[in-house]
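Take a look at the structure below.
The values are calculated or read from the model by the stated rules, or taken from the named source; none is laboratory data. Treat the numbers as computed from the prediction; the structure is a model and nothing was measured. Virtual Cβ from ideal backbone geometry, glycine too; neighbours counted across all protein chains shown. When the accessible area is computed, the model is the full protein with side chains, heavy atoms only, and any ligands, DNA or RNA have been set aside. Shrake-Rupley method; radii C 1.70, N 1.55, O 1.52, S 1.80 Å.
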Amino acid sequence: MSARRGLIIAVVALAVALLPTCLFTVREGEVALVTRFGAPQHEAEPGLHAKLPWPIDSVIRVDRRLLVFDNEPTEMLTGDKKNVLVDSFLVWRVDDPLRFAQTVKTRLEAEARLLDLTVSELGAAVGGRPMDDFLAAGAEGAELVTTAEEARIGVDGVARESFGIEVVDLQINGFVLPLQNRKSVIERMRAERSRIATTYRSEGEERALGIEAESAAEVAAVLAEARSKAEAVRGEGEAEALRLLAEAYRKDPELYRFLRTLESYETILDEDTTIFLDSDSDLMEALDGR
């Protein structure tokens, strides 16, 4: 009886000891591969899971988050055999956990393989273009983006098939000329910028002359129209004034002549004027009451 009790206690103790190895938790952002005697069984998503106790079943955890790998600057040749230092970085993640676990296994090993692939594909992409493509004013940004995307496609294809890795993005964040080439290239860049600046300046001057000519024509047209309207209004006013004068003359010719005489006085006389008139002058009529 005591032997049976001892056996039960031993079994219970063994079960309690093995229970923690039968349960495992997968964190958010990772996936777990459950293997049985080293052979893959299934993948476990984030959460609490059960398995057979160790050493029957084991768990391999794989990080599924986006990871950034910053490459060291690497010297490469352009299509016209000019040396450049290219600095790049890539963003990657595990696409096939089983293939990843069977090949590279760790992040360090994975990034070592990615570095080799990036140097190869980026070197091919840079080598397919002459230096002038990267130095042309306003074009270097687009050329670097295009070159980086070509390299990313190449790296992604090999990495997926060989290591279960997806290359989400690859960017060139540095494109530097070695010291021995820098002076000549800078002079070429200055000449190119000067030529483009001259072109822009001449186009601007031509456009400015065109705008000035258009403005002058518009001003002339507006002034001509304004003068025409002013002449028309003046003519209407003069005609109306003549009509009113004629009407006033018809109603009282004597008063009209008297007013016109006074207007003449205002025109020709002031405090410093001395005038001599004949006694029979029309201007004397208003002065002597005739």
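How would ILE153, ILE56, ILE211 line up by accessible area, probe 1.4 Å, largest first?
ILE153, ILE211, ILE56
Carbon and sulfur: what percent of the range 33-80's accessible surface (1.4 Å probe)?
Within the range 33-80, the accessible surface is 58 percent carbon and sulfur.
Using only alpha carbon positions, build the gyration tensor of the range 52-168, then give the equivalent ellipsoid semi-axes as the square roots of 5 times its eigenvalues, largest first, whole angstrom.
After scaling each eigenvalue by five and taking roots: 36, 12, 11 Å.
How much length is gained on full extension from ALA220 to VAL59, taking 0.36 nm per residue of separation minus their Cα-Cα distance?
49.1 nm
How large is the charge dipole for the range 17-143, taken about the Cα centre, if only the Cβ atoms of Lys, Arg (+1) and Asp, Glu (-1) carry charge, to the nearest 20 debye?
On the way: 14 positive and 21 negative charges, 158 e Å.
It works out to roughly 760 debye.
Using a 1.4 angstrom probe with every protein chain in place, what is the largest-first accessible-area order of LYS82, LYS229?
LYS229, LYS82
Once the Cβ-Cβ distance between HIS42 and LEU115 is put in as r, and R0 is 25 Å, what FRET efficiency do you end up with, to the nearest 0.05? Kindly include the intermediate steps, with their values, before the conclusion.
Working: r = 32 Å, r/R0 = 1.28.
Once rounded, the FRET efficiency stands at 0.20.
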